[in-house]
Structure formats: C-alpha cells, structure tokens
Amino acid sequence: MSEKVDNGKTILIVDDEPDILNLTSKFLTLGHYNIITCNNGKEAIKILEDKSDKIDLILLDVMMPGIDGYTVLDRIKTDDEYKDIIVVLFTVKSFNEDIQKGKRLGADFYLTKPFSGKELLRKVDSILSEK
Ligand SMILES: [Mg+2]
C-alpha cells in the first residue's frame, strides 16, 4: 500500500479552461497539496457549501461562462462562513479593470495569465506558509 503524501492543505481550482486545470493541478500536486477542481462558478459554490471548512485557498478564474469569477468572489467575501478563505484571482495581463474590480470585491491575491506552473507553486507556497 502506498502512503499518501499530503501537506494538509486543500486548494480549490476553478477555471473553465481544461489546460489551466491540468497545469495547475499537476504543479500543486507536486507541492503535495490536496486538489479539488471544477470548471464553472455554479459548481464552485456548491463545493463551498459542502466543504468550505476544508478549503484553505481558492484559485479563481474571472472569465467563465454562466456564473463568473466575480460573482463567486462576491459570494465568498460577503459570507461569514467563507470570507476567510484566501482567494487568488486569475487575471489577464491587459485587463487592469479585472484587478480593480477584484480588489473591490475582496480578492486577496492575483496571478496574471499566462503563468508558469513553477510561478504558481511558488506563489501558493508563499501565501500558505504565511497563513
Ligand atoms: Mg476563463
């Protein structure tokens, strides 16, 4: 039986692009995080309702069909049960408005797309090591 390597921290990744989910999961697994993924805002909110107490950090895409990242962010930061979960918003470089709007809605950190897996892992490690 193999022993599961696990650093005890759980990250929810929400993005509608399969490539991003694959890249982020792969690198965060290398960092021994527990990973939950989903590709839309509706499911993200459902996962929060089911297991928000187990989630340490959310990587959240802004641009998604249906319920977008801003709506999910607003839901998290206006609910006492969820508001302490760290949210890292995926933004697009040229969209400064994304960052401004994200700030207003209470995003904790930003990561500009495109990013490398190493960059992501470094960022997440530094955020969660200060927690
Ligand atoms: Mg997207």
**Request:** Treat the count of other C-beta atoms within 10 Å as a stand-in for reagent exposure and order Val92, Val72 from fewest to most.
**Result:** Val92, Val72
**Prompt:** Ranked by Cβ crowding within 10 angstrom, fewest neighbours first, how are Ile13, Ile127 ordered?
**Reply:** Ile127, Ile13
**Fill in**
Nearest-0.05 FRET efficiency for Ile67 and Tyr110 at R0 = 22 Å, using Cβ-Cβ distance, is 0.65
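Counting Lys and Arg as +1 and Asp and Glu as -1, each charge on the Cβ, what is the dipole of segment 17-121 about the Cα centre in debye, to the nearest 20?
For this selection, approximately 260 debye.
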**Fill in**
Karplus ³J(HN,Hα) for segment 62-70 (6.51 cos²θ - 1.76 cosθ + 1.60, θ = phi - 60°; Hz, whole; x = Gly/Pro) runs 7, 8, 9, x, x, 6, 8, x, 4
**Request:** Mind sorting Tyr110, Tyr82 by how few other Cβ atoms lie within 10 Å of their own Cβ, fewest first?
**Result:** Tyr110, Tyr82
**Complete:** Two pseudo-spin positions, 7 Å from Cα along C-beta at Phe95 and at Asn22, lie apart in nanometres by 2.2
**Request:** For each pair in Lys46/Lys118; Lys77/Lys118; Lys101/Lys131; Lys42/Lys118; Lys83/Lys131; Lys26/Lys101, compute the distance between the two Cα atoms and list the pairs where it is over 26 Å.
**Result:** Lys46/Lys118; Lys77/Lys118; Lys42/Lys118; Lys26/Lys101
**Request:** First select every other residue whose beta carbon is under 15 angstrom from the beta carbon of Leu21; then total the charges, Lys and Arg +1, Asp and Glu -1.
**Result:** -4
**Fill in**
Phi-derived 3J(HN,Hα) across segment 47-57 with the Karplus relation (6.51, -1.76, 1.60, θ = phi - 60°), rounded Hz, x for Gly and Pro, is 4, 4, 4, 7, 9, 4, 5, 9, 9, 8, 8
**Prompt:** Residue farthest toward the positive end of the dipole of segment 10-129, with Cβ of Lys/Arg at +1 and Asp/Glu at -1: which of Ile11, Asn96, Ile36?
**Reply:** Asn96
**Prompt:** Can you list the residues, at least 5 places off or on another chain, whose amide H is less than 5 Å from the amide H of Thr37, using H built in the peptide plane?
**Reply:** Ile13
**Asked** When Lys and Arg each count +1 and Asp and Glu each count -1, what net charge do the other residues less than 11 Å away from Asp84, Cβ to Cβ, add up to?
**Response** -3
**14 Å beta-carbon shell around Asp53, net charge (K/R +1, D/E -1)** = -3
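Provide the FRET efficiency to the nearest 0.05 for the Glu81-Asn7 pair, computing r from the beta carbons and using R0 = 30 Å.
0.80
The numbers here are math on the coordinates, done by the rules we state, and not lab data. Fair warning: this is a prediction, and the values are worked out from it, not measured in the lab. Cβ atoms come from the backbone with ideal geometry, glycine included; neighbour counts cover every protein chain shown.
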